[in-house]
Amino acid sequence: MKADEVKVILKNLGFTSEDVEKLDLFINLLLKFNNKYNLISKNTEKEVWSRHILDSAQLVKFIDFNKSDSLADLGSGAGFPGLILSIFNKNNKFHVKLYEKSKVKCYFLKDAIIRLNIKCFLYENDYQSHILDSDYIVARAFKKLPEVIRISREIATKSHKLIVLKGKSAQEELNKLSKDLNYKYRLETSLTNKDSKVLIVNISK
């Protein structure tokens, strides 16, 4: 999927022209940084708009940014999906929190947040060093599904919606978890790949 095609989809999702400009700037920063440090796979650089930007941006469909809530992105890495969601967010009472333990990635995220002039909170060190008290928890290429579910159930301190970007093995992984997953969940087809899924689970405390 070409950049122009992705930008049309982003507009349909509610991203403004200013948001798309920030995404352009973000990609330039990312690719420049990626020359020295491996933030994303070199093989995906040419597909960054679809493989990384749109893959992250599609989550806005499942999040209500109009409420006074917060969102925790576990293992934010190069900013996917949390930083992309921060660019979309226009509500000062909705807080996006990025959790990342890699010093190199934190350095990049700090620089990107300043240059893009966006509001989000970066929590360094492991997620276990902080209190997980958000209304939404999102994860992309963070840990295996059983561990993400465990963190969501046992470490998060309040009821929340868990949103996980998964590949084509999503249903198979869920089937293995069926005995332990006593919560309502649904699978949505990804906008970037018909075989990939977005897992949405309502976790009650």
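Would you confirm whether or not region 68-78 contains a residue that is in a helix (DSSP H, G or I) and open to solvent by less than 20 Å² (accessible area, probe 1.4 Å)? Looking for residues that are in a helix (DSSP H, G or I) and open to solvent by less than 20 Å² (accessible area, probe 1.4 Å), one finds none in region 68-78, hence no.
The set of residues in region 137-172 that are surrounded by fewer than 19 Cβ atoms within 10 Å (Cβ to Cβ), farther than 23 Å from Lys205 by Cα and more than 14 Å from the chain's Cα centre (by Cα) comprises Gly167, Lys168, Ser169, Gln171, Glu172.
For Leu98, the conditions (1) closer than 20 Å to Ser134 by Cβ; (2) open to solvent by 10 Å² or more (accessible area, probe 1.4 Å); (3) not aromatic (Phe, Trp, Tyr) are fulfilled apart from (2). If you go through region 13-41 and keep only what is within 21 Å of Phe142 (Cβ to Cβ) and either of a type outside the set (A, V, I, L, M, F, W, C) or over 17 Å from the mean Cα position of the chain (by Cα) (or both), you end up with Phe33, Asn34, Tyr37, Asn38, Ser41. Checked against (1) closer than 16 Å to Asp73 by Cα; (2) open to solvent by 80 Å² or more (accessible area, probe 1.4 Å); (3) hydroxyl-bearing (Ser, Thr, Tyr), Tyr107 meets all criteria but (1). Under 13 Å from the mean Cα position of the chain (by Cα), open to solvent by 10 Å² or more (accessible area, probe 1.4 Å), closer than 14 Å to Ile27 by Cα and in contact (Cβ under 8 Å) with a residue 60 or more places away in the chain, is that true of Arg115? For Arg115, the condition - under 13 Å from the mean Cα position of the chain (by Cα), open to solvent by 10 Å² or more (accessible area, probe 1.4 Å), closer than 14 Å to Ile27 by Cα and in contact (Cβ under 8 Å) with a residue 60 or more places away in the chain - is not met. Does Phe33 count as among the aromatic types (Phe, Trp, Tyr) and either open to solvent by 30 Å² or more (accessible area, probe 1.4 Å) or under 18 Å from Glu100 (Cα atoms) (or both)? When the stated conditions are applied, Phe33 passes them.
How do the pairs read when you match residues in region 179-205 that are over 20 Å from Lys7 (Cα atoms) and modelled with pLDDT of 90 or more with residues anywhere that are open to solvent by 70 Å² or more (accessible area, probe 1.4 Å) and among the aromatic types (Phe, Trp, Tyr), using Cβ under 6 Å and keeping only pairs 6 or more apart or on different chains? Listed pairs, sorted by first residue: Val201/Tyr185.
The values are calculated or read from the model by the stated rules, or taken from the named source; none is laboratory data. Just so it is clear, the model here is predicted, and its values are computed rather than measured. Every residue, glycine among them, receives a Cβ derived from its backbone with ideal geometry; neighbour counts consider all protein chains shown. These accessible areas exclude ligands, DNA and RNA; they are computed on the full protein's heavy atoms, side chains included. Shrake-Rupley method; radii C 1.70, N 1.55, O 1.52, S 1.80 Å.
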